Amino acid sequence: MKKAYSAEKAAAFAYQGHAGAVKNPQEKAAIRQIEIDEWNHRSEVLAVMQQYDVPVSKYYEIRFHIIGKVISASCYVIGWFMPFYFAGRLESGNVCEYFRMKQYFNSLGITEHDQLLYDMGIKEKEHEVYFLEQIKTNKLLPFFEKYFNWGNKESFNNIDLDKKYPVENSDHYCKK
């Protein structure tokens, strides 16, 4: 939870730069909405942490603050494709953070956070799909997919938004 909380800040900072660097108004608006979603996730994770007296990690806060700001600044210099690609790849992995958190809580007999964690995992999947949609026909995608293991053919999660399982039947998501 500590890492997820701080990583949401890094993602939100990165999306500030990403939105600032794109020219297309629809892309800019979509990325800004994703930034808002990340701030909301951070707030929701903090509420769960506070419920269980889990302290915020100063180390993660500093680390992810720096990472987010560096990524944010780099969006202005690395072109259009890479921010979309790496945002999608990052979101693909983030999906499972929330489903694994749900599974962990469930292993302790705690189910009160199931809907929240499920919703956050699904929202991260929606982000992944958005970013992939923007680049799915780009000529660079096959090269990046080969070397970074994410793209049209590969994902870091097993969720299909067209065939979503309800929260009570979602335990098989993100199991290895």
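Derivation of every value follows stated rules applied to the coordinates shown; laboratory data play no part. As the structure is a computational prediction, the values presented were derived from the model and not from experiment. As a convention, Cβ positions derive from the backbone with ideal geometry for all residues, glycine included, and neighbour counts pool all protein chains shown.
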task: Quick one, could you list the DSSP H helices from the chain stretching 27 Å or more along their long axis (Cα atoms) with average Kyte-Doolittle hydropathy of -1.0 or above?
output: 2-21, 25-51, 81-107, 114-135
query: Of TYR60, TYR15, TYR98, which has the largest mean-square fluctuation in a 10 Å C-alpha GNM of the chain?
result: TYR60
query: Roughly how compact is region 85-130, stated as its Cα Rg over 2.2 N^0.38 Å to two decimals?
result: 1.21
message: Modelling each spin label as a point 7 Å along the Cα-to-Cβ direction, I'd like the ASP171/ALA73 distance in nm, to one decimal.
response: 4.8 nm
Simple Cβ-charge dipole of region 88-167, Lys/Arg +1 and Asp/Glu -1, about Cα centre, in debye nearest 20: 320 debye
query: How big, in percent, is the set of alpha carbon pairs in region 1-108 lying more than 17 Å apart?
result: 55 percent
query: What does the charge count near TYR60 come to, summing +1 for each Lys or Arg and -1 for each Asp or Glu among other residues with Cβ under 10 Å from its Cβ?
result: +4
- prompt: Counting Lys and Arg as +1 and Asp and Glu as -1, what is the net charge of the other residues whose Cβ lies under 12 Å from the Cβ of HIS113?
  reply: -3
Dipole magnitude of the chain about its Cα centre (Cβ charges: Lys, Arg +1; Asp, Glu -1), debye to nearest 20: 680 debye
- line: Expected sort for 20-31, 67-78 on mean C-beta neighbours within 10 Å, highest first, is 67-78, 20-31
- prompt: Hey, in the chain, which Cys have no second cysteine's beta-carbon closer than 4.7 Å?
  reply: CYS75
- request: State the answer as a single residue: which of PHE99, ALA87, GLY17 lies farthest towards the positive end of the charge dipole of region 1-130, with beta carbon charges of +1 for Lys and Arg and -1 for Asp and Glu, about the Cα centre.
  value: GLY17
field: Ellipsoid equivalent to region 30-176 - semi-axes via the Cα gyration tensor, in Å
entry: 27, 21, 12
- prompt: In terms of Cα to Cα distance under 17 Å, which aspartates and glutamates are near enough to LYS58, apart from those fewer than 8 places away along the same chain?
  reply: GLU8
- prompt: Here are some pairs, LYS102/LYS153; LYS28/LYS125; LYS3/LYS69; which of them have Cα atoms lying more than 21 Å apart in this structure?
  reply: LYS102/LYS153
- prompt: For the chain, what does -39500 (n - 2.57) per DSSP helix run (n ≥ 4), summed and divided by total residues, give at 222 nm, in deg cm²/dmol to the nearest 500?
  reply: -23500 deg cm²/dmol
- prompt: Near LYS69, within a Cβ-to-Cβ distance under 12 Å, what is the net charge of the other residues, with Lys and Arg +1 and Asp and Glu -1?
  reply: +2
query: How large is the charge dipole for region 34-122, taken about the Cα centre, if only the Cβ atoms of Lys, Arg (+1) and Asp, Glu (-1) carry charge, to the nearest 20 debye?
result: 400 debye
